[in-house]
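Structure, as structure tokens:
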Number of protein chains: 2
Amino acid sequence: MDDVVAALRARGGRLTAQRRALLEALFAADGPVSAEHLARAFGVDPATAYRTLEYLQDLGVARHVHIGHGPGLYALATEPAREYLACERCDAVAIVDAAALDGVRAAIRSASGYEARFDHFPIVGLCASCAAGRPPAHGAAHSHGDHVHTHPHGHEH
Amino acid sequence: MDDVVAALRARGGRLTAQRRALLEALFAADGPVSAEHLARAFGVDPATAYRTLEYLQDLGVARHVHIGHGPGLYALATEPAREYLACERCDAVAIVDAAALDGVRAAIRSASGYEARFDHFPIVGLCASCAAGRPPAHGAAHSHGDHVHTHPHGHEH
DNA sequence: GCCTTCCTGCAAGACGCTTGCAACAAGCCT
DNA sequence: AGGCTTGTTGCAAGCGTCTTGCAGGAAGGC
């Protein structure tokens with residue numbers, strides 16, 4: 001957080017109340033969140049939220065991911081990098097370390113020559129539960145909403 | 001095409017001039033096309049294009065894919081099914097038989113349990129050319145536009 | 001040729017942003 | 001502490017991609 005402020009200052013940027021609020025929200029969030037959601041939660045204007053989040057992306061502090069048809073969702077840029085898998089049926093999103101998908105990347109490379117990334121546009125399909133024909137399960141539901149329903153035990157294997 | 005008309009009639013649907021135009025355009029297209037593009041090309045109202053294309057999807061005749069931030073692009077549902085890989089840098093889109101990505105699907109299944117599909121949301125990354133650092137190349141360019149720039153020899157790895 | 005019902009065009013609205021602009025306030029300077 | 005510069009903000013308008021309500025129009029069965 002102090003690092004962020006430093007990076008911001010180094011660019012001639014200013015730390016306003018709005019920016020602090022948005023940053024704290026990003027640090028506190030347990031998953032990607034929409035700009036609208038952040039804006040509303042702190043009485044910040046949506047335009048400011050979008051502008052600030054873009055600024056934070058330029059700084060390399062934040063990233064956004066496009067899940068399904070909904071709004072873009074923002075999160076801090078973590079180390080190691082994260083990538084996403086989204087379920088079309090129950091809207092669950094698995095968040096995994098990018099390294100977990102290196103084998104997938106290799107398979108794509110050999111099938112197509114493409115060098116894939118799933119940090120901005122996720123892998124889409126059915127989660128294990130929905131693929132098995134089980135009901136949508138855990139409160140996720142069809143909200144196409146403001147934040148991701150991370151079932152945090154995503155992939156461990 | 002006759003099959004389509006039959007399916008349509010079987011549902012109590014009617015074959016209007018607009019529907020015929022849109023259908024013929026889909027049959028003639030060499031890649032996914034936006035609803036706007038189809039509408040404009042035949043003087044059909046965009047609302048009608050969207051409604052008709054959705055109808056054709058219900059019939060199982062058409063599908064749409066979301067490439068990048070641009071509009072959804074429509075194409076006939078083919079047999080065998082097709083899946084897509086999009087390049088973030090040069091906007092090239094590779095269209096491959098779904099079977100070509102079965103290995104990728106297997107890798108994803110074993111890494112995450114997800115059963116992936118790339119027919120609605122493609123794999124996103126860098127095409128072989130861009131990954132190699134070569135310039136954006138072939139007329140593709142950044143048009144985010146009306147139809148896909150299929151480099152037709154897509155994958156044959 | 002008629003009549004029913006499906007379709008169409010138009011207009012307006014929803015949703016997710018993006019942009020122009022005038023007022024505001026960080027933070028540097030003294 | 002008071003000024004001053006210039007980065008930021010809120011508001012309002014605008015844009016792209018659809019979606020929806022509605023009244024008129026036309027397929028296609030009879």
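Just so it is clear, none of the values below were taken in a lab; they were calculated from the coordinates. Bear in mind the structure is a predicted one, so any value in this text is a computation, not a measurement. For neighbour counting, all protein chains shown are included, and Cβ atoms are generated from backbone atoms with ideal geometry for every residue, glycine included.
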Cysteines not pairable in chain B (beta carbon separation under 4.7 Å absent): B:90, B:130
Chain lengthening between residue B:24 and residue B:98 when straightened (0.36 nm per residue, less Cα-Cα): 24.2 nm
Assigned charges on the beta-carbon of Lys, Arg, Asp, Glu; region A:1-46 dipole about Cα centre (debye): 260 debye
Debye intensity ratio in log₁₀ form over the Cα atoms of the protein assembly as shown, taken at each q of 0.06, 0.12, 0.14, 0.16 Å⁻¹: -0.24, -0.92, -1.18, -1.37
Hydrodynamic radius by Kirkwood, which averages 1/r over all alpha carbon pairs of chain B, in angstrom: 16.8 Å
Extension gain (nm, one decimal) between residue A:58 and residue A:14, 0.36 nm per residue minus Cα-Cα: 14.4 nm
Within a Gaussian network of chain B (alpha carbon springs, distance under 10 Å), most fluctuating of B:58, B:30, B:91: B:58
Gain in span if fully extended, residue B:89 to residue B:7, counting 0.36 nm per residue against the direct Cα distance: 25.5 nm
Axis proximity, chain B to A: residue whose C-beta lies nearest, plus whole-Å distance: B:107, 2
Copies compared at residue A:40 - label distances in nm, ascending, label defined 7 Å from Cα in the Cβ direction: 3.4
Max mean-square fluctuation residue, GNM over chain A, Cα-Cα springs under 10 Å, options A:105, A:89, A:14: A:14
For residue A:57, inter-copy label distances in nm, listed shortest first [label point 7 Å out on the Cα-Cβ vector]: 2.4
Pseudo-label separations to other copies for residue B:69 - Cα-to-Cβ vector, 7 Å, nm: 2.0
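As a check on your grasp of the helix formula, calculate [θ] at 222 nm for chain B: sum -39500 (n - 2.57) over DSSP H runs of n ≥ 4, divide by the residue count, round to the nearest 500.
Numbers: 6 runs with 57 residues, N = 157.
Helix contribution divided over all residues of chain B: -10500 deg cm²/dmol.
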Net charge of Cβ neighbours under 11 Å - reference residue A:105; Lys, Arg +1; Asp, Glu -1: -1
Cα long-axis angle, helix A:17-28 against chain A (0 to 90 degrees, to the nearest 10): 30 degrees
